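Notes for the one structure printed next.
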Amino acid sequence: MADKQKQVVLRLEQVSKSFAKVETDGVTHALNRINLQMESGEFISLVGPSGCGKSTILRLVAGLIGPTTGKVTVDGQEIGGPSPQRGMVFQKPTLFPWLTVEKNIAFSLKIQGKLQKNQEKIDRMLRVIGLEAFRNDYPGQLSGGMAQRVALARSLINQPEILLLDEPLGALDAFTRMNMQDEILSMWRERRQLAVMVTHDVDEAIYMGTRVIVMDANPGRVVADLAIDREHAGDRSSPQFVEYRNHILNRLHFAGNHV
Ligand code: ADP
Ligand code: MG
């Protein structure tokens with residue numbers, strides 16, 4: 001591709017996020033003093049039990065919510081709101097049902113007035129996700145895997161500096177899921193932007209990540225931060241992979257014992 005990916009550094013500094021519990025007058029400490037630094041070229045897998053604040057981290061980075069205390073910055077600039085530079089893909093593909101596949105992918109370019117000069121990009125994206133033949137179909141006509149590919153393409157077409165994936169493959173059957181893992185990886189390899197993916201599947205976290213961050217709940221916090229050697233992690237049966245898996249499962253299990 002002609003234009004180079006902009007390199008960015010994302011930082012969470014002493015980030016806490018609390019929510020009022022409506023039923024009990026109490027407070028949920030969704031995140032407690034999180035410190036993390038992530039950079040372009042990394043593929044971060046976030047794992048942890050339900051309620052440990054994984055989605056909250058993504059929503060903070062997306063700029064959909066702000067921290068209660070602490071700072072979330074990109075290249076030192078505090079995040080003030082959503083931006084196409086930080087693209088989010090949800091577990092359930094959130095496509096516009098009244099727009100075709102092509103128009104869903106082109107949507108953000110259209111509202112930015114950039115449609116004319118980017119038709120080539122749209123065609124290319126349709127090829128990359130293997131849905132050229134479906135460009136005029138509506139989301140309701142697609143399988144779950146196809147719809148998720150469209151949702152991915154819709155984010156990727158903006159060439160976001162940061163790609164946020166919230167259990168993007170959670171709704172797919174095991175076979176489609178493995179194919180999609182490879183597809184996401186090959187799209188990511190092309191630009192090496194910063195990707196942050198939430199998953200509850202430990203194998204998926206290792207298989208895809210350059211780094212696995214393990215979290216625990218009450219309060220939401222980081223309990224392990226593990227660099228993954230990509231050379232060994234591509235083979236799910238390698239001794240190194242099994243070692244990573246044991247390490248992470250231990251962390252998750254051990255972390256759950258003392259609550
Ligand atoms: P995860 O994605 O790891 O399952 P979340 O980040 O969604 O966890 O949530 C962390 C905690 O914060 C949970 O206890 C959840 O109930 C609470 N929470 C998240 N968003 C809100 C909200 N908008 N209002 C109240 N509580 C919330
Ligand atoms: Mg979540």
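The values are calculated or read from the model by the stated rules, or taken from the named source; none is laboratory data. Bear in mind the structure is a predicted one, so any value in this text is a computation, not a measurement. Cβ coordinates were reconstructed from backbone atoms using ideal geometry, including for glycine residues, and neighbour counts include every protein chain displayed. We work out accessible area using only protein heavy atoms, side chains counted, and drop any ligands, DNA or RNA first. Shrake-Rupley method; radii C 1.70, N 1.55, O 1.52, S 1.80 Å.
Loop-only chymotrypsin sites (Phe, Trp or Tyr not before Pro) in the stretch 42-150, please: DSSP not H, G, I, E or B, and at most 12 other Cβ atoms within 10 Å.
Those that pass, being in a loop and sparsely packed, are 98.
Please identify, among 206, 44, 129, the residue showing maximal mean-square fluctuation in a Gaussian network model of the chain using a 10 angstrom Cα cutoff.
Highest fluctuation of the listed residues: 129.
Could you tell me the relative contact order of the stretch 118-259? Use alpha-carbon pairs under 8 Å, at least six residues apart, and round to a whole percent.
Averaging sequence separation for qualifying contacts and normalising by length gives 16 percent for the stretch 118-259.
When the accessible area of the stretch 70-212 is computed with all protein chains present and a 1.4 Å probe, what percentage of it is carbon and sulfur?
In the stretch 70-212, the share of accessible area belonging to carbon and sulfur is 51 percent.
What percent do you get for the relative contact order of the stretch 1-118 when only Cα pairs under 8 Å and 6+ apart count?
25 percent
Would you mind computing Rg(Cα) / (2.2 N^0.38 Å) for the stretch 1-117, counting N as its residues?
Output field value: 1.27.
For residue 17, go through the lysines and keep the ones whose alpha-carbon is under 18 Å away, minus same-chain ones fewer than eight residues off.
Hits, sequence-local ones excluded: 54, 71.
What is the projected area of the convex hull of the Cα atoms of the chain, averaged over all directions, in nm²?
For the chain, the mean projected area of the Cα convex hull comes to 15.0 nm².
Each label point is 7 Å from the Cα along the Cα-to-Cβ direction; what then is the distance between the points at residue 108 and residue 179, in nm?
2.5 nm
Return the calculated 222 nm mean residue ellipticity for the chain, to the nearest 500 deg cm²/dmol, obtained by summing -39500 (n - 2.57) across DSSP H runs with n ≥ 4 and dividing by the residue count.
Calculated at 222 nm, the ellipticity per residue is -10500 deg cm²/dmol.
Taking the chain as a Gaussian network, where each spring joins two C-alpha atoms under 10 Å apart, which residue of 237, 50, 83 fluctuates the most?
237
How much length is gained on full extension from residue 225 to residue 190, taking 0.36 nm per residue of separation minus their Cα-Cα distance?
Once the chain is fully extended between residue 225 and residue 190, it gains 10.1 nm.
Taking amide H positions as placed 1.01 Å from N in the peptide plane, with prolines and chain starts having none, which residues 5 or more places from residue 165, or on another chain, fall under 5 Å of its amide H?
89, 196, 197, 198
Say we join alpha carbon atoms closer than 10 Å with springs in a Gaussian network model of the chain; which of 113, 87, 234 then has the biggest fluctuation?
113
Compute the angle between helix 174-191 and the longest alpha-carbon principal axis of the chain, please, reported from 0 to 90 degrees and rounded to the nearest 10.
Roughly 80 degrees, rounded to the nearest 10.
Starting from 0.36 nm per residue, how many nanometres of slack lie between residue 250 and residue 235 once their C-alpha separation is accounted for?
3.3 nm
Report relative contact order for the chain in percent, whole number only (criteria: Cα-Cα under 8 Å, sequence separation at least 6).
Over the chain, the number comes to 27 percent.
On a 0 to 90° scale, report how tilted helix 144-156 is relative to the longest principal axis of the chain, with both axes built from alpha carbons and the result rounded to the nearest 10.
Its long axis makes an angle of about 90 degrees.
Taking the square root of 5 times each eigenvalue of the Cα gyration tensor, what semi-axes in Å does the equivalent ellipsoid of the stretch 131-201 have, largest first?
Computed over the stretch 131-201, the values are 20, 16, 11 Å.
Given R₀ = 35 Å, what would the calculated FRET efficiency be for residue 218 paired with residue 73, taking r from the Cβ atoms and rounding to 0.05?
Efficiency at R0 = 35 Å is approximately 0.85.
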